[in-house]
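Here the structure is laid out as structure tokens; the discussion comes afterwards.
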């Protein structure tokens, strides 16, 4: 038997900051679910695939046995303190580069702070909707808003590693694929400003499309939330296949499009990455949430996705535990899957190791133009 080990170094091509301050037990548990409802009576959110996976992989990093009771784990976390807990967990991941979506608020670490505590390099992903909402807060007229949107995306492209859109949340992926006209954009900007309160969210499909096409023109990779998430979305409108006409329209520009998360539509996303040269995919958010079933989801994705199109991400948010859990689950699933194919004689060990390196880091370095680790 030729065991294929998971690569020790990973690029996490989509993640978020972690909590800067100590968490209550209830707040900690809230990061273990995408639901906005309480756990079932008599249970906690540790009673999930993610909860069990966290108890398997995180306690040893804090000096506890695997599978220790949740209460013991939380007590150890408190004993060590937030900073030391975060440092231990992040430095155990093997991540060399973190591509950080800064579009979420709520007391999270900045990319710079995440880099310091993890020892990895951090790069910013700019969320288009957050950029637009900041522009709207500053704009005094529709024309000024249109100008600020253009300059904001242009300026962000000078420093950001990529852009991200949550149009799947705000409208759905079933939007008109073509760029809106200048007149349509001005009318939409006027409507939005007229009915908007400071801090109001962008949901107008014309302005959302305008942002996408403005970002495409920069050539920076464009990430989309697809698949499951919290109850703020409608899952049937987050199937990446709904992006097909948009992907066809973007294809002549060469702008890389990255489909994030994708579950339970990971096979659909694999098809799109197979069919279109500029489309890439991952199963980020799904991996920690499916836990012990991560190998099955990964295997289904690799049925059709070209091996140069799949990338690793954790989509970790709030808890440093989510980084470690995602890396352990993904690495173990990838190693076991490829080892099985080698044992069956379907692959050579050399090919398996090469593909493992592509998925763990090589593909992300190519798509995002990252220097090799240590360079």
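No lab work stands behind these numbers, since they all come straight from the coordinates. Keep in mind it's a predicted model, so treat the numbers as computed, not measured. Methodologically, a virtual Cβ is constructed for each residue, glycine included, from the backbone with ideal geometry; neighbour enumeration extends over all protein chains shown.
Match the structure shown to one of the listed values [x] 48; [y] 21; [z] 27 of percent of Cα pairs over 34 Å apart, computed from it, and give that label.
The value computed from this structure is option [z].
What does the helix-only formula give at 222 nm for the chain: each DSSP H stretch with n ≥ 4 adding -39500 (n - 2.57), the total divided by the residues, and the result rounded to the nearest 500 deg cm²/dmol? Provide the component values of the computation, followed by the final result.
Details: 17 runs with 170 residues, N = 375.
Taking each H run of at least 4 residues, the total per residue is -13500 deg cm²/dmol.
Over the chain, what is the relative contact order in percent, taking alpha-carbon pairs closer than 8 angstrom and at least six residues apart? It would help to have the intermediate numbers written out before the result.
Details: 682 pairs, mean separation 84.5, N = 375.
After rounding, I find 23 percent.
In cubic angstrom, how much convex hull volume per residue do the alpha carbon atoms of the stretch 34-104 span? Please list the in-between numbers first.
Working: hull volume 9.2 nm³, N = 71.
That works out to 129 Å³ per residue.
Which three lengths, in whole Å and largest first, does the stretch 1-150 cover when its Cα atoms are put on their principal axes?
Principal axes ranked by extent give 60, 44, 33 Å for the Cα atoms.
Please tell me the relative contact order of the stretch 33-178 in percent, rounded to the nearest whole number, where contacts are Cα pairs under 8 Å and at least six residues apart. Display every interim value, and only then the final one.
Numbers: 128 pairs, mean separation 22.3, N = 146.
Answer for the stretch 33-178 is 15 percent.
Compute the length gained on full extension between residue 300 and residue 176: take 0.36 nm times their separation in residues and subtract their Cα-Cα distance, giving the result in nm to one decimal. Don't skip to the end; give the middle numbers.
Values: separation 124, 0.36 × 124 = 44.64 nm, distance 2.96 nm.
Result for the pair: 41.7 nm of gain on full extension.
Using the Kirkwood formula over every pair of different C-alpha atoms, what hydrodynamic radius in Å results for the stretch 116-271? Mind dumping the intermediate values first?
Numbers: mean 1/r = 0.0620 Å⁻¹.
For the stretch 116-271, inverting the mean 1/r across all distinct Cα pairs yields 16.1 Å.
Expected output is a single nm value to one decimal: the length gained when fully extending between residue 30 and residue 147, i.e. 0.36 nm times separation in residues minus the C-alpha distance. What is it?
38.2 nm
Take the Cβ-Cβ distance between residue 3 and residue 67 as r, set R0 to 35 Å, and report the resulting FRET efficiency rounded to the nearest 0.05. Don't jump to the answer; show the numbers that get you there.
Values: r = 23 Å, r/R0 = 0.67.
With a Förster radius of 35 Å, E is 0.90.
Determine, from the Cβ-Cβ distance of residue 274 and residue 236 and an R0 of 22 Å, the FRET efficiency 1/(1 + (r/R0)^6), rounded to the nearest 0.05.
The pair residue 274/residue 236 has a calculated efficiency of 0.45.
Kindly identify the stretch 255-375 as rounded, prolate or oblate by the Cα gyration tensor criterion: order the square roots of the eigenvalues as a ≥ b ≥ c, call it rounded if a/c is under 1.5, otherwise compare a/b with b/c, prolate if a/b is larger, else oblate. Walk me through the intermediate numbers first.
Working: a/c = 1.18, a/b = 1.06, b/c = 1.11.
It is rounded, given that a/c, with a ≥ b ≥ c, falls under 1.5.
Give me the angle, in degrees from 0 to 90, between the Cα long axis of helix 182-195 and the longest principal axis of the Cα atoms of the chain, rounded to the nearest 10.
So the helix axis and the longest Cα principal axis differ by about 80 degrees.
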